[in-house]
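Student: The structure follows.
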Amino acid sequence: MSIRCTQADHQNQQIIGICIESNCQYQRPYCHYCLPNHSLHLNQLIPLENLNEWIQRRMAIINEVQKNAQECKSILDSLINIFIPYLNINVEQLGISQIDNIIKGFCKIEVCEQQLFNQLKQSLQQVQQIIDEILKKTKSQTNYKQKVDIQVQQTQNMKPLIQEQTNQISIFKQNLKPFIFDLIEQNTIKQDQLCRAIAINKDCSILVAGCDNQIKVFEFKQGMLKQLQLLGEHKDCVNTLNFMNRSNHFLSGSEDNLIIIWARNQNNSWICQQKLNGHTNSIFCLVLNNNDDIIISGSRDDKIKFWIKQNEWQCSQTITDHTNSVYGLSLNEQQNRVISCGEDKLILVIEQSQQNKKWILIQKIQVEIEGVRLCFIDNNIFTFQPWQQVYMIVYEMNNTNKLYIKTKNIQLKDGSDYTFFPQQYIKQKCILVNKNGSNVNLIRKKQNGEFIIEQSILFETQYIYGCMTDDGQYLITWDSKSEEFKIRKYIET
């Protein structure tokens with residue numbers, strides 16, 4: 001369940017935060033499409049999950065005002081008590097000095113009343129008007145507290161979107177400068193075995209690489225690699241590697257038709273935790289959801305399988321709508337849609353049902369050329385790389401029917417190509433990594449939706465494989481010409 005934006009042209013997007021800028025004229029609860037309206041006061045935006053805390057702080061301020069008002073009343077009561085005896089005074093019984101002091105005291109109160117109490121009175125009138133306005137707006141909402149309770153509960157299911165919103169604000173704030181990834185030549189490592197897959201964990205401390213049928217585990221520290229372990233459970237070449245999001249467990253998919261879950265034991269060594277044996281041909285691609293409880297696999301057997309974890313991982317569903325090898329998979333930010341491409345010149349859009357959690361094919365996109373890689377940029381946009389073509393295609397969601405349509409081509413260099421090396425979007429830096437032919441293209445997505453190639457790294461072969469760290473600081477590649485692991489570091493120019 002989620003709160004949806006009511007703006008007509010905002011595609012029923014989920015509300016992800018609240019604007020607390022006092023003079024803002026726009027809708028306070030905002031979605032992604034609302035963000036540009038608040039660009040001048042980004043520091044006054046808070047995630048939806050912090051709303052309750054913000055309200056509590058405001059309540060504390062009201063309590064403090066009430067406390068000060070009570071103290072002021074107590075002081076005035078004391079003053080009244082002092083002057084009460086003089087309400088029916090006999091002037092003849094008082095001396096000149098007493099009368100003088102009484103007059104001076106009342107004159108001071110009069111000055112105070114004119115200078116301070118008039119301001120206080122005006123402030124109280126303003127406060128009363130504000131309170132009356134609030135009460136008037138909420139009078140018809142007899143179930144207001146229930147709605148608030150529901151909305152607070154809904155935030156518990158929106159943590160990925162809240163994190164996404166926080167990242168988006170961070171991106172808007174920073175000035176995205178031109179960049180290059182500069183080769184750290186002294187950190188190059190010789191690797192003469194075929195390496196089709198490289199992955200690095202979330203904190204950028206461990207890197208794994210598929211080297212023929214083995215997996216090498218490296219410590220990754222400040223752009224330097226140090227081998228820790230060699231894993232040998234697979235019987236054929238490793239095609240894909242993926243780290244989990246909440247642990248240092250990782251997955252491997254191989255030409256031997258197996259997916260292996262690798263876990264760390266008490267000695268900090270990786271061991272085979274479970275083998276998933278459901279496909280009948282080579283594993284070409286794997287993706288994990290953010291919660292690490294769904295694995296999606298694509299294979300040369302033309303099938304997409306969904307695996308869920310109960311006591312152990314098991315296949316829960318198989319999609320059979322592809323008619324040839326599945327080369328690429330990608331999950332959207334909301335984690336409820338997966339896209340796939342392959343040799344059959346189809347892009348499938350598959351959505352998870354909210355009712356029974358089953359995955360349902362909602363769209364088949366027929367393309368002219370088979371696809372080797374694709375990637376969601378956000379919930380509404382994805383990119384697609386056709387095989388042996390000198391362009392990349394951008395697809396965007398149609399506002400009316402919620403289906404994806406082709407909107408533009410991005411011109412690239414080189415056309416010959418090979419599978420593997422998945423597309424990767426680094427949201428923190430708005431960088432899309434797209435291998436095409438002999439080039440690795442580093443493409444910046446600008447705020448206006450334009451895609452600009454910032455750097456195109458030319459290799460002397462089309463057999464290039466690699467990945468970028470999640471923070472966008474390092475690009476790690478292996479190519480068949482140099483037979484080396486090469487590490488490049490992000491530098492703004």
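FYI, it's all coordinate maths here, none of it is from the lab. Source: prediction; values computed, not measured. Every residue, glycine among them, receives a Cβ derived from its backbone with ideal geometry; neighbour counts consider all protein chains shown.
Student: Quote the charge dipole size of segment 284-331 about the Cα centre in Debye, to the nearest 20; the model charges only the Cβ of Lys and Arg (+1) and of Asp and Glu (-1). Don't jump to the answer; show the numbers that get you there.
Tutor: Values: 4 positive and 6 negative charges, 15 e Å.
So the dipole magnitude of segment 284-331 works out to roughly 80 debye.
Student: Using the C-alpha atoms of segment 237-284, what convex hull volume per residue, in cubic angstrom, is computed?
Tutor: Details: hull volume 3.4 nm³, N = 48.
In segment 237-284, the Cα convex hull volume per residue is 70 Å³.
Student: Put +1 on the Cβ of every Lys and Arg and -1 on every Asp and Glu Cβ in segment 176-492; which of His249, Asn268, Gln335 then has its Cα farthest towards the positive end of the dipole?
Tutor: Farthest towards the positive pole: Gln335.
Student: Take the Cα of Leu361, step 7 Å along the line toward its Cβ, and report every residue of segment 292-319 whose backbone nitrogen sits under 17 Å from that point.
Tutor: Correct set: 297-306, 317-319.
Student: Which pairs in the list Lys202/Lys446; Lys202/Lys427; Lys402/Lys445; Lys275/Lys305; Lys177/Lys435; Lys177/Lys489 are over 19 Å apart, alpha-carbon to alpha-carbon?
Tutor: Numbers: Lys202/Lys446 25 Å; Lys202/Lys427 14 Å; Lys402/Lys445 22 Å; Lys275/Lys305 14 Å; Lys177/Lys435 22 Å; Lys177/Lys489 15 Å.
Too far apart for the 19 Å limit: Lys202/Lys446; Lys402/Lys445; Lys177/Lys435.
Student: Moving on. Given charges of +1 on the Cβ of Lys and Arg and -1 on the Cβ of Asp and Glu, with all other atoms neutral, how large is the dipole of segment 315-423 about its Cα centre, in debye to the nearest 20? Could the numbers behind the result be given before it?
Tutor: Details: 10 positive and 11 negative charges, 57 e Å.
With Lys and Arg at +1 and Asp and Glu at -1, about 280 debye.
Student: Arrange Cys272, Cys195, Cys430, Cys341 by Cβ neighbour counts within 10 Å, fewest through most, would you? Kindly include the intermediate steps, with their values, before the conclusion.
Tutor: Details: Cys272 15, Cys195 25, Cys430 19, Cys341 29.
Least to most surrounded, the residues fall as Cys272, Cys430, Cys195, Cys341.
Student: While we're looking at this one, here's another question. Once you put a point 7 Å from the Cα of Glu483 and another 7 Å from the Cα of Glu450, both along the Cβ direction, what distance in nm separates them?
Tutor: It works out to 4.5 nm between the two label points.
Student: Taking only the alpha carbons of segment 204-261, what extent do you get along each of the three principal axes, in Å, biggest first?
Tutor: 34, 23, 14 Å, listed from the longest principal axis down.
Student: Next question. Per the Kirkwood definition applied to all pairs of different Cα atoms, how many angstroms is the hydrodynamic radius of segment 269-334? Provide the component values of the computation, followed by the final result.
Tutor: Values: mean 1/r = 0.0794 Å⁻¹.
Every distinct Cα pair counted, the radius reaches 12.6 Å.
Student: Between Phe306, Asn324, Gln214, whose Cα lies farthest towards the positive end of the dipole of segment 176-492 when Lys and Arg beta carbons carry +1 and Asp and Glu beta carbons carry -1, centred on the Cα centre?
Tutor: With unit charges placed on the Cβ atoms, the residue in question is Phe306.
Student: Using Cβ contacts closer than 10 Å as the measure, can you line up Ile452, Ile80, Ile426 from fewest to most? Walk me through the numbers before you get to the answer.
Tutor: Values: Ile452 12, Ile80 9, Ile426 19.
Neighbour counts put them in this order, fewest first: Ile80, Ile452, Ile426.
Student: Could you go through segment 248-254 in sequence order and give the Karplus-derived ³J(HN,Hα) for each residue, using 6.51 cos²θ - 1.76 cosθ + 1.60 with θ = phi - 60°, rounded to whole Hz, and x for Gly and Pro?
Tutor: 8, 5, 9, 10, 9, x, 9
Student: Would you kindly compute the Cα radius of gyration of segment 176-492 and its largest Cα-Cα separation (Dmax), both in Å?
Tutor: 18.4, 55
Student: If you don't mind, another one. Please give the length that would be gained between His41 and Cys315 if that part of the chain were fully extended, namely 0.36 nm times their separation in residues minus their C-alpha to C-alpha distance (nm, one decimal). Can you show the working numbers first?
Tutor: Working: separation 274, 0.36 × 274 = 98.64 nm, distance 4.75 nm.
Extending this stretch completely gives an extra 93.9 nm.
Student: Taking the Cα centre as origin and putting +1 on Lys and Arg beta-carbons and -1 on Asp and Glu beta-carbons, what dipole magnitude results for segment 176-492, to the nearest 20 debye?
Tutor: Numbers: 35 positive and 35 negative charges, 141 e Å.
Magnitude of the dipole: close to 680 debye.
Student: Once you sort the root eigenvalues of the Cα gyration tensor of segment 316-469 as a ≥ b ≥ c, which label holds: rounded (a/c under 1.5), prolate (a/b larger than b/c) or oblate (the other case)?
Tutor: Details: a/c = 1.81, a/b = 1.41, b/c = 1.28.
Prolate shape, in that a/c is at least 1.5 and a/b is the bigger ratio.
Student: Based on the Kirkwood radius over alpha-carbon pairs, what value in µm²/s does the Stokes-Einstein equation return for the translational diffusion coefficient of segment 271-385 at 10 °C and 1.306 mPa s?
Tutor: This corresponds to a translational diffusion coefficient of 111 µm²/s.
Student: So if each residue of separation counts as 0.36 nm, and I subtract the Cα-Cα distance between Asn336 and Ala263, what length gain in nm does that give?
Tutor: Details: separation 73, 0.36 × 73 = 26.28 nm, distance 2.65 nm.
Full-extension gain reported as 23.6 nm.
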